[in-house]
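In what follows, a single structure is set out as structure tokens and then discussed.
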Amino acid sequence: MSKLTLKTEGDTHIVVTRRFTASPEAVYRAHMEPEIIQKWMLGPDGWTMPVCINEAKPGGKIRYEWSNGKGGDFYLTGEFLELEPYSRIVHVERMHLPDPTPDNHVETRFVVDGTGTLMTMRMSLPNEQTRAMMLASGMERGMEASYVRLEEMIKSGLARGGAA
Amino acid sequence: MPELLQLDLAFAALADPTRRAILARLAKGEATVMELAEPFDMTQPAVSQHLKVLEDAGLVLHRVEGAKRPRRLAKAGIDAMDQWLAMLRKALEANYHRLDEVLASMEKKKKGETQ
């Protein structure tokens with residue numbers, strides 16, 4: 001299985017790469033067709049995507065709603081800016097927690113890589129305040145991963161006597 | 001202090017927008033109460049109250065310099081900011097693992113149709 005790489009690019013961007021054992025057309029379609037998106041773009045376990053609107057045209061509307069069945073619902077809205085099937089998607093998105101985060105500009109590229117596809121996704125890095133807001137919201141929604149990590153972090157901070 | 005109580009304090013600390021803004025400012029470097037109060041329409045005692053919550057949560061430390069007590073982020077406070085990237089990575093890994101399975105079943109279905 002291929003490994004995800006995630007790097008910050010200066011103070012402004014994040015670049016993610018991931019290889020898939022499928023054609024660029026298949027990976028592109030999996031990113032653009034609602035019935036397929038709802039099967040995988042779910043974050044941690046325990047979440048579903050009851051609403052998936054994805055209008056595949058420049059200016060087209062994006063709306064994904066997630067639910068964990070325990071009232072921890074939130075959603076994302078956005079618009080497509082450019083589409084080049086099956087190689088490039090440019091869109092803008094924001095999370096609603098429920099207050100909207102600043103716009104995140106995302107460019108996703110799919111290129112042939114041997115018998116598979118290399119996906120590269122470049123997105124805006126949220127500022128410190130937005131990151132803290134998303135982290136706190138994630139905790140309030142009971143996202144297991146964030147509790148575990150925060151616990152590890154606090155423990156290590158306490159063990160070192162809280163020294164900066 | 002019991003670990004669970006410390007965790008609850010950290011959650012409560014991060015859930016307030018003013019405290020998050022204070023942490024964001026301290027991420028850029030040390031500051032006194034006076035310097036922190038400046039951008040907010042808030043009195044120094046109000047800022048001090050927020051700082052007490054952040055210190056009790058282990059996210060902020062202070063040192064003494066004459067009459068002043070400059071605040072800085074504790075390592076836990078710095079990590080609270082960096083944890084977001086770790087959360088994003090974990091969510092993306094989960095998504096793409098699922099996508100691998102979806103792509104495999106799409107391919108299987110396609111092969112089934114052409115045979």
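Take each residue of peptide A:29-42, count the partner chain Cβ atoms within 10 Å of its Cβ, and average: the result is 3. Close amide H partners of residue A:81, meaning residues 5 or more places away or on another chain with modelled amide H under 5 Å apart, are A:59, A:90, A:91, A:92. Membrane-span-like helices in chain B, defined here as complete DSSP H runs extending at least 27 Å along the helix axis by their C-alpha atoms with mean Kyte-Doolittle hydropathy no lower than -1.0, are B:75-114; this is a sequence and geometry rule, not a statement about a membrane.
Under a 5 Å amide H cut-off, with hydrogens placed 1.01 Å from N, residue A:125 pairs with A:13, A:14 among residues at least 5 apart or on other chains.
Backbone amide hydrogens, once placed in the peptide plane, bring residue B:15 within less than 5 Å of nothing, excluding anything fewer than 5 places away on its chain. Within the range A:34-135, the GluC sites (Glu not before Pro) that combine a DSSP coil assignment with at most 15 other C-beta atoms in a 10 angstrom radius are A:55. Across chain B, the relative contact order, built from alpha-carbon pairs under 8 Å that are at least six residues apart, equals 23 percent.
If we count every other residue with Cβ under 14 angstrom of residue B:34's Cβ, Lys/Arg +1 and Asp/Glu -1, where does the sum land? Once positives and negatives cancel, what remains is 0.
With a 10 Å cut-off around each Cβ of B:99-110, the average count of Cβ atoms from other chains is 5. Charge dipole (Cα centre; +1 on Lys/Arg Cβ, -1 on Asp/Glu Cβ; no other charges) of the range B:15-93 amounts to roughly 160 debye. Within the listed set B:13, B:67, B:46, the residue fluctuating most in the Gaussian network model of chain B (springs between alpha-carbon atoms under 10 angstrom) is B:67.
The numbers here are math on the coordinates, done by the rules we state, and not lab data. Keep in mind it's a predicted model, so treat the numbers as computed, not measured. Every residue, glycine among them, receives a Cβ derived from its backbone with ideal geometry; neighbour counts consider all protein chains shown.
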